[in-house]
Amino acid sequence: MEISEKSYDEVKHLIPDINLLLITANDIETFHVRQALLPLEDNADVLKVPHGQHTYFIGIFGEYLAVHVQLGKMGSISYNGAILTSYDAIEAWHPKAVVMVGVAMGTDESKQKIGDVLISEAIISYESQRLGSEEIVQRGPIVDPGVVLFNRFKNSTGWSSPIENGLFAKKRIGHILSGEKLIDNLAERNIILSRYPNAIGAEMEGAGIYAACKTKNVNEWILVKGICDYGDGNKGVDKEKRQNLASQCATSLTLKVFMSRVGFVTIGLEPVIRKTITKEDDVTLLAEKFEGEIVAIIELNNRKEDMHSAVQTTVAAFLDLSSYQKANVIDDIDLPLSNFIELSGHEMDKEIFRLVKERNLLPNLWDAINKIKPFTNNKNPFV
């Protein structure tokens, strides 16, 4: 399923209304942000806009019109890394605020959990150094994020994102190291942290986001990244699962913050005016829409009414999952997550059900959901 494209000229009338630029670095981060991006009024899906060297996606994030872009390369200094991609995006869309959402390395596995969300109180460009004959002098700048964004993330309440064993992700506020190294070596990690003992995490794009925002006079920017590893040589262990969890936690916190319709008045963010549809209404409408299509492939002669009810329950249960849980379901029914990276949440749900119908995967889908959120009747009705 392909999202229809719009030219930059066709959508540039939206520029005055665009409040927020969301930036991600890898496909998993992008998957979770796209799940949270909703279509504009009177549009079937988010808007896909190829422009220059980048492809942008425009939709509603929380209560605000937002544009999302994924970096072409990790890090800050490559030709389509954080500096140039952010610069180009700011030049094209003139956002009032910039948020980098994604994953990062934690620094203390005894105090932090996979899925905890790092919020940048400051970014330290740790690789800028003077290598003297007798000592190494750190010369990287320590830069603060936007005052209003930092305040709103720090003081956000009512957010909860489950991680493991009945625990919930926590906000971790502090200094985040930023550089071009992908750290996965315990000895090297400890050397770096010995120079910055108060750092709560490390990543590769923050310094570039700051540089672009500084150049383009965007004062409100921030990093929000979930912990996916500790840079200790175990980055490859359950990598995709950990990155999915970390990305979902970071995205859900960011979404929660931007659900405030009054919190960003001082920096000129204006919430969209749109129809109010509750999550329950949305789930019911979508479930009813997909039910007939899916029932067609598994209908049994004398159980049509029972089958409709079972399908309705299964589809509604899937639609109620978090993006992290949906990613686990996709993996469990042997569909590549990469197939859904470009799709928004609404379009991804439709594509999942299309493939379920095409490949007769409803029994597998039921089992996968049941592992995460057990149904009242624990017997698979489709086998």
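The values are calculated or read from the model by the stated rules, or taken from the named source; none is laboratory data. All figures in this text were calculated on a predicted structure; none of them were measured in a lab. Glycine also receives a Cβ, built like all others from the backbone with ideal geometry; neighbour counts cover every protein chain displayed. For the accessible areas, the whole protein counts, side chains as well, though only heavy atoms, and no ligand, DNA or RNA atoms are used. Shrake-Rupley method; radii C 1.70, N 1.55, O 1.52, S 1.80 Å.
Observations, loosely collected:
- Farthest toward the positive end of the dipole of the chain, out of Gly226, Leu355, Tyr56, is the Cα of Gly226, where the dipole comes from beta carbon charges about the Cα centre.
- Computed from Cα atoms, the angle from the helix 206-215 axis to the main principal axis of the chain rounds to 70 degrees.
- Taking Cα atoms only, the orientation of helix 362-372 departs from the longest principal axis of the chain by about 50 degrees.
- Based on alpha carbons, the Rg and Dmax found for the range 54-132 are 15.7, 51 Å.
- Judged by the ratio a/c of the largest to the smallest principal axis of the C-alpha gyration tensor, the range 165-270 counts as oblate, that ratio being 1.5 or greater while a/b is no larger than b/c.
- MRE, 222 nm, helices only [DSSP H, n ≥ 4, -39500 (n - 2.57), over the chain, to nearest 500]: -12000 deg cm²/dmol
- Highest average packing first - 234-240, 116-122, Cβ atoms within 10 Å: 116-122, 234-240
- Dividing the radius of gyration of the alpha carbons in the range 105-178 by their Kirkwood radius gives 1.10 for Rg/Rh.
- Greater than 29 Å apart at Cα, pairs in Lys96/Lys154; Lys6/Lys373; Lys48/Lys373; Lys225/Lys373; Lys239/Lys371; Lys214/Lys241: Lys6/Lys373; Lys48/Lys373; Lys214/Lys241
- Restricted to Cα atoms, the range 313-383 shows a radius of gyration and a Dmax of 11.4, 35 angstrom.
- Ser128 long-range amide H proximity, modeled H, under 5 Å: Arg139, Gly140
- By accessible area, using a 1.4 Å probe on protein heavy atoms only, the chain has 48% of its surface on carbon and sulfur.
- Extension gain, Ala187 to Asp367: 0.36 nm times the residue separation minus the Cα-Cα distance gives 60.5 nm.
- Given charges at beta-carbon only (K, R positive; D, E negative), |dipole| of the range 50-131 in Debye: 100 debye
- Alpha-carbon Rg with Dmax, taken over the range 1-93, Å: 12.6, 39
- Taking the range 311-383 and dividing mean pair separation by its residue count, relative contact order in percent (alpha carbons under 8 Å, at least six apart): 34 percent
- Taken along the Cα-to-beta-carbon direction at a fixed 7 Å, the label points for Ile267 and Asp108 span 2.7 nm.
- Dipole axis of the range 38-179 (+1 Lys, Arg; -1 Asp, Glu on Cβ), positive-most option in Val148, Ser110, His68: Ser110
- Helix 345-359 vs. the chain, principal-axis angle (Cα, 0 to 90°, nearest 10): 50 degrees
- From phi via Karplus (6.51, -1.76, 1.60), per-residue ³J(HN,Hα) for the range 3-9 in Hz, x at Gly/Pro: 6, 5, 9, 10, 7, 4, 4
- Normalised contact order of the chain, rounded percent, pairs of Cα under 8 Å and 6 or more residues apart: 21 percent
- Percentage relative contact order, the range 38-91, counting C-alpha pairs under 8 Å, at least six apart: 20 percent
- Simple Cβ-charge dipole of the chain, Lys/Arg +1 and Asp/Glu -1, about Cα centre, in debye nearest 20: 860 debye
- Peptide packing for 27-34, 145-152 was compared via the average number of neighbouring C-beta atoms within 10 Å per residue; ordered from the highest value, the list is 27-34, 145-152.
- Cβ crowding within 10 Å averaged over residues, with 199-209, 52-62, 366-376 ranked highest first: 199-209, 52-62, 366-376
- Average accessible surface for the chain: 46 Å² per residue, computed with a 1.4 Å probe over protein heavy atoms with every protein chain in place.
- Net charge dipole size for the range 161-235 [Lys, Arg +1 and Asp, Glu -1 on Cβ; Debye, nearest 20]: 280 debye
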